[in-house]
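Chemist: Encoded as structure tokens, here's the structure I'll be asking about.
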Amino acid sequence: MLGDVKHAADFVITGGRVAAPDRVLDDGWLSVADGRIAAVGTGTPPGGPELPRVDVGGALVVPGFIDTHCHGGGGGSFSTLDPDEMLTAVRAHRRHGTTTTLASLVSDPVDLLTEQIAALRELVQDGELAGIHLEGPFISRARCGAHDPDTLLEPDTGTVEKLLRAGHGAIRMVTLAPELNGGVKAVRQLAESGVTAAIGHTDGVAEQLVPAIDAGATVATHLFNGMRPLHHREPGPVGVLLDDERVTVELICDLVHLHPTVVRLAASHAGRGRTVLITDAMSATDAADGRYTLGRLEVDVHDGVATLADNGSLAGSTLTMDNAFRNLVKGAKLGVLDAVRATSGRPAELLGVADRTGSLRPGLAADVVVLDDDLRPVKVLRRGEWVAEVGRATLST
């Protein structure tokens, strides 16, 4: 849930290139009333001189970013029982334009997960988070990546139900490996409960994956990463998930987890209707290099690259959604509207909130990011209220 859009003073953003759903409007404007987008257009904006205006000087105006896979940031993690630490993570990403966040939890013992879910649930109810994503514990030991293998389980109906009950409707997505005993049954259980079933951290082959999609799995958790690689005689998860029109694919667009060519190939094949950029960010995001923890494992961060301390494997990222947007356009050489769809429009549809946010359309929440010529955020608007800091600089209007 997103919570109610709170009242804000009415004003107009003018002089921008506004990324409307179907085209970029040059000399565009966007009016805000009561925390919502009132109108979008070009040329002379509405209202007389009494209506405050924010001239963005030709900058690109895009919808607020929506991150459906994020573990933390700003030194704070979602795998905690401390609400202040959770809010630290939310606010770190908000400074970079993420106005809607799905909090992801790594694998932990079930009793601890239920406590973490209960703590996060409060922030969901307050509208700070859009929901919770469980990335485990029902994943493959062979492809567990930065998850503690000692916490992994095969999915059974009772354990799945226990975790869902702990969320009281706040759990929006669960990642699992369908080749595990009970995997396909768990997918069906999640789908029937209204929870998105995602396939990830899997060593499955095609014959094990297709039944899970038929049972209701609709998302590929960070495609390519944490799964059996593509092979010309065994397509595995990458081939099956990328090629099935029923599946939306997540891409960690930091250009570390995926080469720009791979990003371009995957996003071009999946198209605007099935591509979602994510951060998979951990607590070190927007923070200094050093030693951190991800769940129960120690992680070293050097030059912004997070790796497990014991074996050097990639351990999440320090990516923010503004960087993901920029990398898709400048690194993978895709268009601005492709990036808008992958960072806002399609994620909103995936979360079932496209009637509230995710595009610059009248009636939706005024969630807006203003990007400079280098596609870096200079202003962020969330529900009609300016975010006090953008990046690490104080906002001036």
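The values are calculated or read from the model by the stated rules, or taken from the named source; none is laboratory data. If you're wondering where the values come from, they're calculated on a predicted model, not measured in any experiment. Neighbour counts run over all protein chains shown; Cβ positions are idealised from the backbone, glycine included.
Chemist: Within the bounds of region 235-253, is there any residue that is of a type in the set (Lys, Arg) and either within 20 Å of the chain's Cα centre (by Cα) or under 26 Å from ALA130 (Cα atoms) (or both)?
Modeler: yes
Chemist: Between a residue in region 78-106 that is without any contact (Cβ under 8 Å) to a residue 40 or more places away in the chain and assigned to a loop (DSSP other than H, G, I, E, B) and any residue that is small (Gly, Ala, Ser) and surrounded by fewer than 20 Cβ atoms within 10 Å (Cβ to Cβ), which pairs come within a Cβ distance under 6 Å, given they are 6 or more apart or on different chains?
Modeler: So the pair list comes out as LEU81/ALA119.
Chemist: On the given criteria, is LEU152 over 30 Å from ASP22 (Cα atoms), in contact with an Asp or Glu (Cβ under 8 Å, 6 or more places away or on another chain), of a type in the set (A, V, I, L, M) and free of Cβ contacts under 8 Å to residues at least 60 places away in the same chain? Walk me through it before giving the result.
Modeler: Values: over 30 Å from ASP22 (Cα atoms): yes; in contact with an Asp or Glu (Cβ under 8 Å, 6 or more places away or on another chain): no; of a type in the set (A, V, I, L, M): yes; free of Cβ contacts under 8 Å to residues at least 60 places away in the same chain: yes.
Answer is no for this residue.
Chemist: Could I ask something else about it? Kindly list the number of the only condition in (1) in a loop (DSSP other than H, G, I, E, B); (2) under 17 Å from the mean Cα position of the chain (by Cα) that fails for ASN311.
Modeler: With (1) in a loop (DSSP other than H, G, I, E, B); (2) under 17 Å from the mean Cα position of the chain (by Cα) applied to ASN311, the lone miss is (2).
Chemist: For THR114, only one of the following conditions fails: (1) part of a loop (DSSP other than H, G, I, E, B); (2) assigned by TED's automatic domain parsing to the domain that holds ASP286. What is its number?
Modeler: Every listed condition holds for THR114 apart from (1).
Chemist: Then there's this: From (1) in contact with a Cys (Cβ under 7 Å, 6 or more places away or on another chain); (2) closer than 17 Å to GLY358 by Cα, pick out the condition that doesn't hold for ALA281.
Modeler: The single condition ALA281 does not satisfy is (2).
Chemist: Go through region 257-305 and give me each residue that's surrounded by 23 or more Cβ atoms within 10 Å (Cβ to Cβ), more than 18 Å from the chain's Cα centre (by Cα) and among the polar types (S, T, N, Q).
Modeler: None - no residue of region 257-305 is surrounded by 23 or more Cβ atoms within 10 Å (Cβ to Cβ), more than 18 Å from the chain's Cα centre (by Cα) and among the polar types (S, T, N, Q), so the list stays empty.
Chemist: Could you tell me whether GLU250 is assigned to a strand (DSSP E or B), touching a residue at least 40 places away in the same chain (Cβ under 8 Å) and not hydrophobic (A, V, I, L, M, F, W, C)?
Modeler: So GLU250 fits the description; yes.
Chemist: Is there a residue in region 55-74 that is in a strand (DSSP E or B) and over 30 Å from THR285 (Cα atoms)?
Modeler: Step one: of region 55-74, the residues in a strand (DSSP E or B) are 55, 60-63, 65-70, 72-73.
Still in the running and over 30 Å from THR285 (Cα atoms): 55.
Within region 55-74, one or more residues are in a strand (DSSP E or B) and over 30 Å from THR285 (Cα atoms).
Chemist: Being part of a strand (DSSP E or B), at pLDDT below 95, within 19 Å of SER359 (Cα to Cα) and of a type outside the set (Val, Ile, Thr) narrows it down to one of ASP4, ASP27, so name that one.
Modeler: ASP27
Chemist: Right, another one. Here are some residues: GLY158, GLY145, GLY182, GLY167. Which one is at pLDDT 95 or above and surrounded by 19 or more Cβ atoms within 10 Å (Cβ to Cβ)?
Modeler: Step by step, each of GLY158, GLY145, GLY182, GLY167 is checked, and only GLY167 is at pLDDT 95 or above and surrounded by 19 or more Cβ atoms within 10 Å (Cβ to Cβ).
Chemist: Does any residue of region 52-61 turn out to be buried (at least 22 other Cβ atoms within 10 Å of the Cβ), over 23 Å from LEU223 (Cα atoms) and under 16 Å from the mean Cα position of the chain (by Cα)?
Modeler: No.
Chemist: Follow-up question, since we're still on this one. Restricting to region 306-333, name every residue that is touching a helix residue (DSSP H, G or I) at 6+ places or on another chain (Cβ under 7 Å), surrounded by 22 or more Cβ atoms within 10 Å (Cβ to Cβ) and of a type in the set (A, V, I, L, M, F, W, C). Explain how you work it out, then say what you get.
Modeler: Residues of region 306-333 that are touching a helix residue (DSSP H, G or I) at 6+ places or on another chain (Cβ under 7 Å), as a first pass: 320-321, 324-325, 328-329, 331-333.
Checking which are surrounded by 22 or more Cβ atoms within 10 Å (Cβ to Cβ) leaves us with 320-321, 324-325, 328, 332.
Of everything in region 306-333, those that are touching a helix residue (DSSP H, G or I) at 6+ places or on another chain (Cβ under 7 Å), surrounded by 22 or more Cβ atoms within 10 Å (Cβ to Cβ) and of a type in the set (A, V, I, L, M, F, W, C) turn out to be MET321, ALA324, PHE325, LEU328, ALA332.
Chemist: Something else about it: Out of HIS257, HIS231, report the one residue that is assigned by TED's automatic domain parsing to the domain that holds GLY200, within 21 Å of ARG326 (Cβ to Cβ) and of a type outside the set (Asp, Glu).
Modeler: Checking each option against the conditions leaves just HIS257.
Chemist: Another one. Is it the case, given these coordinates, that THR44 is surrounded by fewer than 24 Cβ atoms within 10 Å (Cβ to Cβ), in the same structural domain as TRP386 (by TED's automatic domain parsing), farther than 18 Å from ALA366 by Cα and β-branched (Val, Ile, Thr)?
Modeler: Criteria met by THR44.
Chemist: Now, a different point. Taking the condition within 26 Å of the chain's Cα centre (by Cα), assigned to a strand (DSSP E or B), farther than 27 Å from THR275 by Cα and of a type outside the set (Lys, Arg), does VAL32 pass?
Modeler: yes
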